[in-house]
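The values are calculated or read from the model by the stated rules, or taken from the named source; none is laboratory data. Because the structure is predicted, anything quoted here is derived from the model rather than measured. Methodologically, a virtual Cβ is constructed for each residue, glycine included, from the backbone with ideal geometry; neighbour enumeration extends over all protein chains shown.
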Amino acid sequence: MKFNLDSFDATHQNTDCIIVGIFEQMKLTSAAKQIDKISKNYLTNLLKQGDFEGKIGKTLFLHQVPHVTSPRVLLVGCGPEASLNARDYRRVLLSSIKALTTLKIKDATSFLTEIAVTDHELPWKVKQAAMITAEAMYSFDQYKSKKEPKSTLRELNLWASKDKACEIALNQAICINEGVEFTKNLANTPSNICTPTYLAAEAKKLGQDYKNLTVKVLDEKAMAELGMGALLAVTKGSAQPAKLICLEYKGTTKKQAPIALVGKGVTFDTGGISLKPADAMVGMKYDMCGAATVLGTIKAAAELKLPLHLVGVIAAVENMPGGSASKPEDIVTTLSGQTVEIMNTDAEGRLILCDALTYVERYNPSAVIDIATLTGAVVIALGQHATGLISNHEPLAHALLTAGTETHDRAWQLPLWDDYQEQLKSPFADMSNVGGRPAGAITAGCFLSRFTKKFHWAHLDVAGTAAMMMGGNDRYATGRPVPLLMQYLINQSS
Ligand code: BES
Ligand code: MN
Ligand code: ZN
């Protein structure tokens, strides 16, 4: 997709379609007014007939509107005439692109960027438009022998003033789109192909694509020598070897303590000996979304040439039952030296992450953010709209929450109170890997917090947001929280 910015004229565009907003009660946006004027009230008459009410997200194609050079005009409903909120604005954008892709349209000019959005300026609107366009056009048909017809849309003009801030915002969006797409593709790839070894190979490919990105992969032997007893306990039942994938991006020559991203890369989570029921297992190919997010974010950061020092550490394993699998009540020693009684082999994410988190200590990071599809409990607490955030450092939590709001890839903070730590007691080891049903998302965070005492740390539980399981065939990766993390990194770099 190619995006262009300019202060285009709605009546003199040669693109296949122009997109203009219409409010309810026959109120026209300014581009619609221009079209109405040159076409001698064509739009007003149409609205008077009641053919288009302007309800949010509704669309109507008009063809050969008199005196308008573009052969099609797409009307998009924008709701009551008032400043739109971010959510409604995103719905308007999404429906406009979805409509475009139903026809053979190569290029279009959107005037939706001129509509007022509460608390947001033009660069934000440009960024959202570019990001939502990519989202609307994404498809994953690599494993279909008959490909579904691809959208013909190749070029989108966005109305904007010739302003440096808009160009910067657009460039950021284009790079974030690349990261999001990369993350979605990896996440959607099934676990018979996307194994820990495959993730390691994908990381290495990224290392070849960007000259200031180095990638190192530790195998099980190396992890055993280090003493990663918790991570290795998870992989024991699997025929697929585990990998610890370490990436380092140096976007600046300045000596700078790195920001570290740590990803949960369970390429399939059967639950292990604490086997999941069949219905609960569907979707567990997405249990590597944390890992895919780390790779997608680092790719986007490298594309954008962010002047930052970044580290990515991915714990990649498959969680399987088997003759050599870990069993409930097994006790393992973590890389930190603390012991854990594995009361449920399905709480495997925290077991691999605790060792990966101890491992990142060696980079002396200024901040560590882990990303994990960690608990079903966070889906019960927050649903599919917000990522669960837990942190031991309030400024870091705040910076991530702000970045989430800015990109509309939102997170919501849960408390890390000592009161919850009690639930992790074990009679035989330093701790249990589960804390019972109450506050399951928080006790998972409490578990991780015992391995993050030496640095500023935040945990993003993306079990509800990284992939959508809407029942039946409606299953897909979202690429979240790449936009949140990229916005955080952009904010850190300026
Ligand atoms: N990968 C799951 C969490 C998950 C559940 C992600 C649903 C996406 C959708 C995780 O490994 C898990 O199994 N968690 C258990 C923890 C429990 C045993 C303490 C859970 O949430 O049930
Ligand atoms: Mn599990
Ligand atoms: Zn899992």
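Kindly establish whether residue 170 is touching an Asp or Glu at 6+ places or on another chain (Cβ under 9 Å) and modelled with pLDDT of 95 or more.
Criteria not met by residue 170.
Report whether or not residue 319 is within 16 Å of ligand 3 (Cβ to nearest atom) and surrounded by fewer than 17 Cβ atoms within 10 Å (Cβ to Cβ). Step through it out loud before you land on a result.
Details: within 16 Å of ligand 3 (Cβ to nearest atom): yes; surrounded by fewer than 17 Cβ atoms within 10 Å (Cβ to Cβ): no.
Against the criterion (within 16 Å of ligand 3 (Cβ to nearest atom) and surrounded by fewer than 17 Cβ atoms within 10 Å (Cβ to Cβ)), residue 319 does not qualify.
Quick one: count up the residues across region 137-167 that are hydrophobic (A, V, I, L, M, F, W, C) and either at pLDDT below 95 or not in a helix (DSSP H, G or I) (or both).
Going through region 137-167 one residue at a time, the tally reaches 6.
So which pairs qualify, if the first residue must be in region 446-474 and closer than 13 Å to residue 414 by Cβ, the second must be more than 14 Å from ligand 1 (Cβ to nearest atom) and modelled with pLDDT under 95, the Cβ gap must be under 7 Å, and the two must be at least 6 apart or on different chains?
none
Within region 20-58, count every residue that is in contact with a Lys or Arg (Cβ under 8 Å, 6 or more places away or on another chain) and of a type in the set (Val, Ile, Thr).
Step one: of region 20-58, the residues in contact with a Lys or Arg (Cβ under 8 Å, 6 or more places away or on another chain) are 24, 26, 52, 54, 56-57.
Filter once more, keeping what is of a type in the set (Val, Ile, Thr): 56.
Matching residues across region 20-58 total 1.
Out of 253, 183, I need the residue that is surrounded by fewer than 24 Cβ atoms within 10 Å (Cβ to Cβ) and either assigned by TED's automatic domain parsing to the domain that holds residue 291 or among the aromatic types (Phe, Trp, Tyr) (or both). Which one?
Answer to the check: 253.
In region 445-494, which residues are of a type in the set (Gly, Ala, Ser) and within 13 Å of ligand 1 (Cβ to nearest atom)?
Listed by number, the residues that qualify are 445, 463, 464, 466, 467, 477.
Can residue 287 be described as without any contact (Cβ under 8 Å) to a residue 24 or more places away in the chain and either crowded, with 19+ Cβ neighbours inside 10 Å or within 15 Å of ligand 2 (Cβ to nearest atom) (or both)?
When the stated conditions are applied, residue 287 does not pass them.
Kindly list, by first and then second residue, each pair from a residue in region 38-64 that is among the β-branched types (Val, Ile, Thr) to a residue that is in a helix (DSSP H, G or I), limited to pairs with Cβ atoms under 7 Å and residues at least 6 apart or on different chains.
Filtered contacts from region 38-64: 44/36; 56/88; 56/91; 56/92; 59/95; 59/96; 59/99.
Take the residues in region 233-266 that are within 26 Å of residue 333 (Cβ to Cβ) and in contact with a Pro (Cβ under 6 Å, 6 or more places away or on another chain), then tell me which one is nearest to ligand 2 (Cβ to nearest atom).
Among those residues, the one meeting the criterion is 237.
Condition test on residue 301, is it away from ligand 3 (no atom under 15 Å from the Cβ), buried (at least 24 other Cβ atoms within 10 Å of the Cβ), in the same structural domain as residue 376 (by TED's automatic domain parsing) and modelled with pLDDT of 95 or more?
yes
Would you mind listing the strands (runs of 3 or more DSSP E) fully within region 209-324 where at least 2 residues are under 17 Å from residue 462 (Cβ atoms) and either more than 16 Å from ligand 1 (Cβ to nearest atom) or touching a Gly at 6+ places or on another chain (Cβ under 7 Å) (or both)?
Per the criteria, 259-269, 309-319.
Can you find a residue in region 397-407 that is away from ligand 2 (no atom under 16 Å from the Cβ), free of Cβ contacts under 8 Å to residues at least 24 places away in the same chain and acidic (Asp, Glu)?
Scanning region 397-407 turns up no residue that is away from ligand 2 (no atom under 16 Å from the Cβ), free of Cβ contacts under 8 Å to residues at least 24 places away in the same chain and acidic (Asp, Glu).
Going by the conditions given, is residue 281 within 16 Å of ligand 3 (Cβ to nearest atom) and without any contact (Cβ under 8 Å) to a residue 60 or more places away in the chain? Outline the logic, then answer.
Values: within 16 Å of ligand 3 (Cβ to nearest atom): yes; without any contact (Cβ under 8 Å) to a residue 60 or more places away in the chain: yes.
Spelling it out, residue 281 is indeed within 16 Å of ligand 3 (Cβ to nearest atom) and without any contact (Cβ under 8 Å) to a residue 60 or more places away in the chain.
Condition check: among the polar types (S, T, N, Q), farther than 23 Å from residue 469 by Cβ and out of contact with any helix residue (DSSP H, G or I) (no Cβ under 8 Å at 6 or more places or on another chain). Does residue 339 satisfy that? Let's see the steps before the verdict.
Working: among the polar types (S, T, N, Q): yes; farther than 23 Å from residue 469 by Cβ: yes; out of contact with any helix residue (DSSP H, G or I) (no Cβ under 8 Å at 6 or more places or on another chain): yes.
Judged against the criteria, residue 339 is a match.
Answer yes or no as to whether residue 390 is in contact with a Cys (Cβ under 9 Å, 6 or more places away or on another chain) and either within 13 Å of ligand 1 (Cβ to nearest atom) or within 24 Å of residue 433 (Cβ to Cβ) (or both). Lay out the reasoning, then the answer.
Working: in contact with a Cys (Cβ under 9 Å, 6 or more places away or on another chain): yes; either within 13 Å of ligand 1 (Cβ to nearest atom) or within 24 Å of residue 433 (Cβ to Cβ) (or both): yes.
Spelling it out, residue 390 is indeed in contact with a Cys (Cβ under 9 Å, 6 or more places away or on another chain) and either within 13 Å of ligand 1 (Cβ to nearest atom) or within 24 Å of residue 433 (Cβ to Cβ) (or both).
One line per residue, one yes/no per condition, for (1) more than 16 Å from ligand 3 (Cβ to nearest atom); (2) surrounded by fewer than 20 Cβ atoms within 10 Å (Cβ to Cβ); (3) not in a loop (DSSP other than H, G, I, E, B):
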{"residue": "369", "(1), (2), (3)": "yes, no, yes"}
{"residue": "374", "(1), (2), (3)": "no, no, no"}
{"residue": "381", "(1), (2), (3)": "yes, yes, yes"}
{"residue": "395", "(1), (2), (3)": "yes, yes, yes"}
{"residue": "398", "(1), (2), (3)": "yes, yes, yes"}
{"residue": "402", "(1), (2), (3)": "yes, yes, yes"}
{"residue": "421", "(1), (2), (3)": "yes, yes, yes"}
{"residue": "464", "(1), (2), (3)": "no, no, no"}
